[in-house]
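Scroll down for the structure; my scribbles are underneath it.
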Amino acid sequence: MNITLYNTMTSKKEEFKPINESKVGMYVCGVTVYDYTHIGHGRSSVAFDVIRRFFEYKGYDVTFVKNFTDVDDKIINRANENHELWRDLSERFIKEHDTDMDSLYIKRPTYTPMATKYIEKMINYCERLIEKGNAYSVDGDVYFRVNSFKEYGKLSGRNLEDMMAGARVDVNNKKENPLDFALWKAAKPGEPSWTSPWGQGRPGWHIECSVMSEAILGSHIDIHGGGQDLIFPHHENEIAQSEAISCSTFANYWIHNGFVNINKEKMSKSLNNFFTIRDILKICHPEALRLLFLMTHYRQPLEYSEDKLKEASSSLHRIYIFLDEVSHLTGSKKGKNMEQEICDMKGHFIKEFEEAMNDDFNTPKAVAAIFEIVRMGNTIIAGKPDTDSAEYLKEVSSYIFDIVSKVLGIINHSADEWYKSNLKIPVSEVETLIAKRAEARKNKDFALADSVRAELAEKGVEIIDTLDGTRFRTLV
């Protein structure tokens, strides 16, 4: 089955057909680096990371480009507030961004271009648009003539005449049309600037992505993506300037992820419902936040709350308990041969998982397939398999969860690693208490042994006694 995806341009699902066989060129708009990344950035980054991972799982060679806007009004203003150089601030927050993305198991893009490294190409881009009559310069600024691109509004579904009728009188009377947008901005006192044919200045926001995308992927790409808030005007303007230059389609498919809502309202600093990724990771494991993102389809609004985060943590815990049980399963010579049931489990997962992901990267259904496997696996364990079946179950479980890790970016640890990473007390303290309980049991001091078990439970630790000794799990 081939991949189908929802194309914002056509407002429908379409079968993915690459420009070049077995290759995918994918550009996603990145962040403006003036602050720490927030949960909205995390949601978008995980969505496109999973899309990229699934294409790779299907055998495509993916070139994934995600830019940094490293010069911008917000960067300049924040740097002035901090009494630091704008370049120092942007470099610092690029590093902080990468730290946050790494913590969420997001693969580094193939290329991470910075806008300031492409200034000459942006100047050349402006010159090409002026030569073609799509842009004009005035007093050091360069503007794109929206009227020169007849299909303006085709991505957002907006009509140019309606936009013109509803446009307020622009305070900038330099423009020929209030809807014309800046390609190049004349320098203001104290701001960073570069030499251009129109004087000192810096690029506008929209031109950055068009230039970096063309420079790395070419003028015609497979996929362009970003958040829904970028559809207009950013992506609409990218299309206008890119297609005006190339006279051909800019991107075959446009993919946009939904917003993050807090208490049913869109997250924003003005509403004081704003959470950074590192704030959230103080109260949960990174895989829990990633799973929370995956449990909502990427195109739908995501409702965030601490309760939903706890549900995601509990769901992960169920998976790791299953993997823990499998890893310690030995079976017996007198057990039941359950190899057919295990083979069916493997086939069921591959079918359900791939059908879900092929259908516009439906991660909620893919996650549901994982929990169905956990249910089937637990049933097999309860059926007391023989030794060979136990080994086969380990092999199949490893195969399944290797796919889960590679595509969804969760279940990246052994059960033992998961438990240790979720401990609220040092591992050494757990081991000391387990040894104390073992000694008490050896001395038949069962009251002390029970009190140690209770003490561990209060600290969020469950202990399991087996013929091979005692092991522990964290409680969620």
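The values are calculated or read from the model by the stated rules, or taken from the named source; none is laboratory data. Just so we're clear, the structure is a prediction, and the values are computed from it rather than from any experiment. Note that we place each Cβ from the backbone using ideal geometry, even for glycine, and neighbour counts take in every protein chain shown. Areas reflect the complete protein model, heavy atoms only, side chains present, ligands, DNA and RNA absent. Shrake-Rupley method; radii C 1.70, N 1.55, O 1.52, S 1.80 Å.
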When Ala288 is run through (1) closer than 28 Å to Lys13 by Cβ; (2) in a helix (DSSP H, G or I), the failure sits at (1)
Check: Do we have Ile373 as open to solvent by less than 30 Å² (accessible area, probe 1.4 Å), aliphatic (A, V, I, L, M), in a helix (DSSP H, G or I) and closer than 22 Å to Leu294 by Cα here?
Finding: yes
Listed by first then second residue, the pairs whose first member lies in the range 441-456 and is at pLDDT 95 or above and aromatic (Phe, Trp, Tyr), whose partner is open to solvent by 60 Å² or more (accessible area, probe 1.4 Å) and not in a loop (DSSP other than H, G, I, E, B), with beta carbons under 8 Å and at least 6 positions apart or on separate chains, are none
Of all helices (runs of 4 or more DSSP H) fully inside the range 25-118, the set with 3 or more residues that are crowded, with 22+ Cβ neighbours inside 10 Å and of a type in the set (A, V, I, L, M) is 39-57
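Results for (1) open to solvent by less than 10 Å² (accessible area, probe 1.4 Å); (2) among the polar types (S, T, N, Q); (3) closer than 26 Å to Gly40 by Cα, shown as yes or no for each residue.
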site: Pro233; (1), (2), (3): no, no, yes
site: Ile255; (1), (2), (3): yes, no, yes
site: Gly258; (1), (2), (3): yes, no, yes
site: Asn263; (1), (2), (3): no, yes, yes
site: Ser268; (1), (2), (3): no, yes, yes
Ile283 meets each of (1) surrounded by fewer than 22 Cβ atoms within 10 Å (Cβ to Cβ); (2) modelled with pLDDT of 95 or more; (3) closer than 28 Å to Asp402 by Cα with one exception, condition (2)
Apart from one, (1) within 36 Å of the chain's Cα centre (by Cα); (2) modelled with pLDDT of 95 or more all hold for Trp205; the odd one out is (2)
- Scanning for something part of a helix (DSSP H, G or I) and not hydrophobic (A, V, I, L, M, F, W, C), does the range 223-231 turn up at least one residue? yes
Note: among Leu408, Leu423, Leu456, Leu448, just one is touching a Lys or Arg at 6+ places or on another chain (Cβ under 9 Å), more than 30 Å from Glu341 (Cα to Cα) and crowded, with 19+ Cβ neighbours inside 10 Å, namely Leu456
